[in-house]
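Beneath this line is the structure, given in structure tokens, with notes to follow.
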Amino acid sequence: THTQFAVHVVHVVHVQRAGGRAEHGFSYCSPLSRFPGYAWSEVGRQAVLPCSCRTYVSPTAQAPYILWQTVSHTVFERMGKDSVQGESYENRADVPMEMLAEGNCSLILSDVRFRDAGIYESYLVVGQSRVKNQILIHSVRLAVVDHKHIQSVKSGKDLILDLYTNQAKMLVFQQEGTPEWRVLWQRGQDSGGERWVEERGRKLVVREVVTSNSGTYRVVDEEGLTLSTVKVSVTGKSTP
């Protein structure tokens, strides 16, 4: 059997800046793989997009130049000890050097967001000249899903809800048996009359719940997308 891989040429593009100084960058030309792998993550969690470059790199060779990108954005570049994160992935993307030393070029993506969903490609970049080659290693389709839970709490006790991520902007509540949704908490705003809802780190605490607090709680982001849904049942009486 033969191992197949695609090689794409990367041309250096010169751009004239103010003051006459010329800069250059890469112009990528890479059709997406027809048969991508699959990975998934709950929003706010860490996703691992698998990649192995053992087939392409000798164990005795210097650290490889690894590039991860989507169809429209550069996600991450690892050039030995140096690395570059794409604008939308700052402080969230990495290919750790200790993993890469073992031939593992998997992309670690933290605080996953819904807009991160899509197809990612990993490349080995080779060549010392002004024209470099990209060897397609792997394509991965990432799916991002929300959190769903069912929770039971005794009357008089505190209900604790995870925010999971700093993307969380609002908590809304629908009382059991009613169609209306009510805002209980908004990040950065006074909770007004809802003094019984407190933010503690990455959690919200609904204090001393009663039967009327049974229903559906949703944490949403600034775009109104649901990060988590918790169906809560308040039962019985708490013991002193």
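The values are calculated or read from the model by the stated rules, or taken from the named source; none is laboratory data. Because the structure is a prediction, the values reported are computed rather than measured. With ideal geometry, Cβ positions are generated from the backbone for all residues, glycine too; neighbour counts draw on all protein chains shown.
Selection of segment 90-122 for residues being exposed (fewer than 15 other Cβ atoms within 10 Å of the Cβ) and basic (Lys, Arg) yields only Arg115.
Taking the conditions (1) outside any strand (DSSP E or B); (2) hydroxyl-bearing (Ser, Thr, Tyr); (3) modelled with pLDDT of 85 or more; (4) over 30 Å from Thr229 (Cβ atoms) in turn, Ser58 satisfies each one other than (3). Given the criteria of a type outside the set (Val, Ile, Thr) and without any contact (Cβ under 8 Å) to a residue 12 or more places away in the chain, does Gly188 qualify? Yes; evaluated as a whole, the condition is true for this residue. Just one residue in the set Gln175, Gln134 is closer than 30 Å to Trp40 by Cα, of a type in the set (S, T, N, Q) and at pLDDT 90 or above; that residue is Gln134.
Scanning segment 175-182 for any residue that is hydroxyl-bearing (Ser, Thr, Tyr), closer than 20 Å to Val112 by Cβ and in a loop (DSSP other than H, G, I, E, B) turns up nothing. Restricting attention to segment 113-122, the residues that are in a strand (DSSP E or B) and either of a type in the set (A, V, I, L, M) or farther than 19 Å from Glu87 by Cα (or both) total 1.
The residue that is farthest from Phe114 (Cα to Cα), among those in segment 127-164 that are of a type in the set (Gly, Ala, Ser) and part of a strand (DSSP E or B), is Ser152.
Listed residues Gly215, Gly201; which is loosely packed, with under 13 Cβ neighbours inside 10 Å and either over 30 Å from Ala101 (Cβ atoms) or not acidic (Asp, Glu) (or both)? Steps first, answer last, please.
Working: Gly215 fails: loosely packed, with under 13 Cβ neighbours inside 10 Å.
Answer to the selection: Gly201.
Looking only at residues that are part of a loop (DSSP other than H, G, I, E, B) and within 31 Å of the chain's Cα centre (by Cα) in segment 183-200, which one is modelled with the highest pLDDT? Top of the filtered list is Arg187. Kindly indicate the residue of segment 75-111 that is closer than 20 Å to Trp40 by Cα and part of a strand (DSSP E or B) and also modelled with the lowest pLDDT among those meeting that condition. Only one residue fits best here, namely Asn104. Applying the condition of being assigned by TED's automatic domain parsing to the domain that holds Tyr38 and modelled with pLDDT under 95 to segment 137-170 and asking which residue is surrounded by the most Cβ atoms within 10 Å (Cβ to Cβ) yields Ile137. None of Ile135, Ile160 is under 30 Å from Tyr56 (Cβ atoms), over 21 Å from the mean Cα position of the chain (by Cα) and in contact (Cβ under 8 Å) with a residue 24 or more places away in the chain except Ile135.
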